């Protein structure tokens with residue numbers, strides 16, 4: 001009798017433990033779901049929803065200063081048939097390519113130096129590289145106006161060493177200024193994935209290459225660079241997107257010769273007050289960016305971007 005009572009009690013205890021475990025797991029899942037609602041809700045509200053609104057608005061039109069919900073492709077045909085749109089798109093494309101190339105060209109040696117040459121306190125150098133991201137975006141762009149301006153640091157230095165006799169205006173309000181500042185803005189975003197890729201490469205592979213008779217240059221060419229290529233692709237893609245979509249930098253340092261497609265889109269949403277036409281241009285710009293990124297991914301960057 002006592003044995004049966006003990007067995008029943010142990011079964012009830014075991015059942016109770018299982019029930020409590022299920023409650024704990026379900027409660028944990030509920031809490032995790034609740035925690036995920038906030039970030040996904042934020043992304044939907046401030047990223048997905050605005051893009052959907054812009055896509056829908058691109059099929060409307062403006063009549064008598066009012067937006068009319070007349071579904072058509074007129075805005076797209078008008079944009080593609082406009083010579084100024086095609087020229088701005090081509091200029092923006094080439095500028096974005098240059099920005100992406102320059103950001104990778106500058107970011108790779110910096111990442112290589114920190115991961116391979118710096119022996120201690122790598123995290124300090126890494127943080128110092130990211131310090132510009134802690135400063136206001138507008139403040140960073142305005143600081144370049146001070147550097148490149150007529151009475152800026154570059155002109156003052158060139159006059160001081162005797163190269164110039166008077167201040168020059170060639171450094172600001174042109175395509176050069178836009179490319180330079182956008183490269184500076186995009187550099188940290190290109191640096192991070194390159195640094196991550198280089199840091200992941202096992203040192204044993206480099207040692208094995210040198211043991212087989214390869215020098216430093218050949219080891220870099222045959223081992224280090226190919227293995228770091230995913231980071232290069234990812235960093236270049238990030239910089240490319242910044243070069244395509246930024247309109248504040250051309251506004252502040254570009255002048256008329258630094259005008260970009262993003263500035264034209266901003267004008268249609270602002271002074272021109274033609275939101276449907278601006279939306280169509282924004283969608284076309286987004287399509288071009290997605291096509292370029294798809295080509296990058298097909299070239300071997302899918303795994304890289306997922307891992308980074």
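In the stretch 211-224, which residues are over 18 Å from residue 119 (Cβ atoms) and in contact with a helix residue (DSSP H, G or I) (Cβ under 8 Å, 6 or more places away or on another chain)?
The answer is 214, 218, 219, 222, 223.
Would you check which residues across the stretch 129-140 are surrounded by 11 or more Cβ atoms within 10 Å (Cβ to Cβ) and under 20 Å from residue 112 (Cβ atoms) and list them?
129, 130, 132
Yes/no per residue for (1) farther than 16 Å from residue 253 by Cα; (2) surrounded by 14 or more Cβ atoms within 10 Å (Cβ to Cβ); (3) in contact (Cβ under 8 Å) with a residue 60 or more places away in the chain:
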{"position": "142", "(1), (2), (3)": "no, no, yes"}
{"position": "151", "(1), (2), (3)": "no, no, no"}
{"position": "154", "(1), (2), (3)": "no, yes, no"}
{"position": "177", "(1), (2), (3)": "no, yes, yes"}
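Output the residue which, of all residues in the stretch 69-127 that are in a helix (DSSP H, G or I) and touching a strand residue (DSSP E or B) at 6+ places or on another chain (Cβ under 8 Å), is farthest from residue 262 (Cα to Cα).
74
Just one of 169, 115, 92 is assigned by TED's automatic domain parsing to the domain that holds residue 255 and under 18 Å from the mean Cα position of the chain (by Cα); which is it?
Unique residue meeting the criteria: 92.
For the stretch 170-188, name all the residues that are more than 22 Å from residue 261 (Cα to Cα) and assigned to a helix (DSSP H, G or I).
188 - this is the single residue of the stretch 170-188 that is more than 22 Å from residue 261 (Cα to Cα) and assigned to a helix (DSSP H, G or I).
Which members of the stretch 156-174 meet the condition of being surrounded by fewer than 19 Cβ atoms within 10 Å (Cβ to Cβ) and under 20 Å from residue 92 (Cβ atoms)?
Answer for the stretch 156-174, where residues must be surrounded by fewer than 19 Cβ atoms within 10 Å (Cβ to Cβ) and under 20 Å from residue 92 (Cβ atoms): just 174.
What number of residues in the stretch 152-169 are touching a helix residue (DSSP H, G or I) at 6+ places or on another chain (Cβ under 8 Å) and part of a loop (DSSP other than H, G, I, E, B)?
Looking only at that region, the number is 6.
The values are calculated or read from the model by the stated rules, or taken from the named source; none is laboratory data. From a predicted model like this one, the values you see are computed outputs, not experimental measurements. Because the Cβ atoms are built from the backbone with ideal geometry, glycine has one as well, and the counts that use them run over all protein chains shown.
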